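The values are calculated or read from the model by the stated rules, or taken from the named source; none is laboratory data. Since the model is a prediction, treat every value here as computed from it, not as a measurement. Don't worry about glycine lacking a Cβ; one is built from the backbone with ideal geometry, like all the others, and counts go over all protein chains shown. Accessible surface is based on the protein model in full, side chains and every heavy atom, while ligands, DNA and RNA are left aside. Shrake-Rupley method; radii C 1.70, N 1.55, O 1.52, S 1.80 Å.
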Amino acid sequence: MEILQVQNLCKTYGKGETQVNALKNVSFNLKKGEFCAVVGESGSGKSTLLNCIGALDLPTSGRIFIDGNDLFTMNEEARTIFRRRNIGFIFQSFQLVAELNVEQNIAFPLLLDYRRPDPAAIEEMLDILGLADRRRHLPNQLSGGQQQRVAIGRALITRPKLILADEPTGNLDSRNSQEVMDLLMKASRHYQQTILMITHNNNLAVSADRVFRVSDGCLTDLRHDTKREGFRDEKLS
């Protein structure tokens with residue numbers, strides 16, 4: 001079952017001599033439960049890709065379907081509601097609400113959607129995240145790794161169709177980076193979540209089911225690329 005379909009996606013900034021083609025006819029699909037990593041140099045277009053898929057930015061042309069729904073045929077209000085209910089975001093900078101404790105931060109997306117949190121679901125999430133004993137702690141009482149675990153729980157709690165992770169380990173040391181990656185993999189398997197993750201860390205990307213490389217606005221699926229073995233070797237060196 002395909003959760004994400006991206007068709008001929010283009011994004012252009014500026015005009016004339018200042019024009020930048022950030023994305024050039026990008027097309028790919030993701031199935032339910034797939035964990036995909038996107039790698040590429042700074043400025044290659046990978047963050048633009050994530051922002052368009054998350055409906056945080058409007059593409060210049062092309063189409064994006066999430067669970068069969070065309071994002072950009074919706075009006076802005078409908079797209080906002082759809083994004084809130086069907087897309088989970090994990091950011092490099094955590095973006096937790098400072099005044100809310102761990103449990104409240106995880107439940108926050110449900111409250112925004114006027115939904116009553118299920119205590120059993122919150123409890124299960126805290127156990128999976130290893131945060132049951134930190135449920136009453138505020139973000140400033142947590143380590144960076146613990147804060148990112150809260151952010152993962154917040155993205156998972158609504159059971160979204162798609163999770164977009166933008167450099168989720170970028171502010172963490174190597175040990176916490178691996179812990180966060182392991183947790184994302186566990187969530188992908190446990191909840192059959194489809195995850196699209198941007199990372200600059202090649203060693204982490206190699207653990208994903210699929211790896212895409214974005215270069216100069218163009219996307220390559222390394223699963224079908226003859227250089228994939230070299231890519232793996234590069235990561236593990």
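How much of the DSSP beta bridge set in the chain is antiparallel, as a percent to the nearest 5?
50 percent
Once neighbouring chains are kept in place and the probe is 1.4 Å, which whole percent of the accessible area of the chain is contributed by carbon and sulfur? Walk me through the numbers on the way to the answer.
Details: 5300 of 11530 Å².
The value for the chain is 46 percent carbon and sulfur by accessible area.
Explain nothing, just compute: Karplus ³J(HN,Hα) = 6.51 cos²θ - 1.76 cosθ + 1.60, θ = phi - 60°, for every residue of the range 153-161 in order, whole Hz, x for Gly and Pro.
Couplings: x, 4, 6, 7, 5, 8, 6, x, 5 Hz.
Accessible area per residue, 1.4 Å probe, Å², for the range 15-111: what's the number? Mind showing how you got there, number by number?
Working: 4780 Å² over 97 residues.
Dividing the accessible area of the range 15-111 by its residue count gives 49 Å².
Mind listing the phi-derived Karplus ³J(HN,Hα) values for the range 110-127, rounded to whole Hz, using 6.51, -1.76 and 1.60 with θ = phi - 60°, and x for any glycine or proline?
In residue order, the calculated couplings are 5, 5, 4, 9, 6, 10, 7, x, 7, x, 5, 5, 5, 4, 4, 5, 4, 5 Hz.
Hey, what angle do you get for helix 76-86 against the long axis of the chain, alpha-carbon based, 0 to 90 degrees rounded to 10?
For helix 76-86, the angle is close to 60 degrees.
Looking at the range 148-207, which trypsin sites (Lys or Arg not before Pro) are DSSP coil and have at most 13 other C-beta atoms within 10 Å of their C-beta? Intermediate results must be reported in sequence, preceding the final value.
Details: sites: R149, R154, K161, R175, K186, R189; in loops: K161.
In loop regions of the range 148-207 (DSSP not H, G, I, E or B), there are no sparsely surrounded trypsin sites (Lys or Arg not before Pro).
Stretch Y114-L100 to full length: gain in nm at 0.36 nm per residue minus the Cα-Cα span?
3.3 nm
Quick one: angle between helix 174-190 and the longest Cα principal axis of the chain, in degrees between 0 and 90, rounded to 10, please.
Tilt of helix 174-190: around 90 degrees.
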